[in-house]
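Read through the structure below, which is laid out as structure tokens, and then see the notes.
Please treat every number below as a calculation from the coordinates, not as lab data. Since this is a predicted model, take the numbers as computed values, not measurements. Glycine also receives a Cβ, built like all others from the backbone with ideal geometry; neighbour counts cover every protein chain displayed.
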Amino acid sequence: MAFWFGILIGGICAWYAVGVGFYETWTMLFNIIISVYLAVFLRPVIVNIPAVSDTPYTNALTMLAIAIASFAILQGITYTFLTGQFKVSFPRIFNTLGTGFLGFLAGFLIWNFVSFLIFITPISQDTFMKGFGFKEQFRQSNVSYLSGWCNLVNTVVSSRDGKITSEEAISGLLKSTEPEAKIKPAERVEPTEPEEEVRPGPPPEADVEDM
């Protein structure tokens, strides 16, 4: 059900985007992608600041704050220098279909990012959330979708021999926030009986030759 809810959000965003326009929707999608990318890769830097408290919700709140701040700044820049300065017109059919498609991608990306934030909090272990669809299959598709967009940015801003990939960053964060109940206990090792200590016997008597 969580997947289809994302489809619904994507459809709503597509309907909204058609009224906004292709040029404005494209810049908005670009800003969303960059904001998600920054949230993923700036999180380790922010959470390691001593002033940041360590709670089960620290990672999610940090990523949400980074994404919102980045999107607000990027939207302000693009409006000041691009969308607020001039308009770009496209054919009606292209403007409708293309804008709707970009709007759907933007809405679906937002939902996947929010879902990822839920996955790295204890809320995802709630019975209601699991019944809603926050299970292993949806988590795998969620990681793949976010990693795909982050890899797209990595091809431009990161070198090929980067220290960490998008899959490693996202999957590693998920594993680090898994409940302790999922961690398998170490196998019990039965103690072995100590070997019997071999004590040296008396030295053999030397043969005394008759003189």
Principal axes of the stretch 18-97: Cα extent on each, largest first, Å = 52, 25, 17
Would you please give the residues with an amide H less than 5 Å from that of residue 57, counting only those at least 5 places away or on a separate chain, with H modeled from the backbone geometry?
-> none
Here the averaged projected area of the stretch 2-178, based on the convex hull of its alpha-carbon atoms and given in nm², is 11.5 nm²
Stretchable slack from residue 167 to residue 55, in nm (0.36 nm times residue separation minus alpha-carbon distance) = 37.9 nm
Label-point separation, residue 152 to residue 30 (7 Å along Cα→Cβ), nm = 1.3 nm
Per the 1/(1 + (r/R0)^6) rule, R0 = 41 Å and r from the Cβ atoms of residue 144 and residue 92, FRET efficiency to 0.05 is 0.75
Got a sec? Which residues in the stretch 95-113 would a label at residue 16 touch, if it sits 7 Å along Cα→Cβ and we count backbone N under 15 Å?
-> 100-113
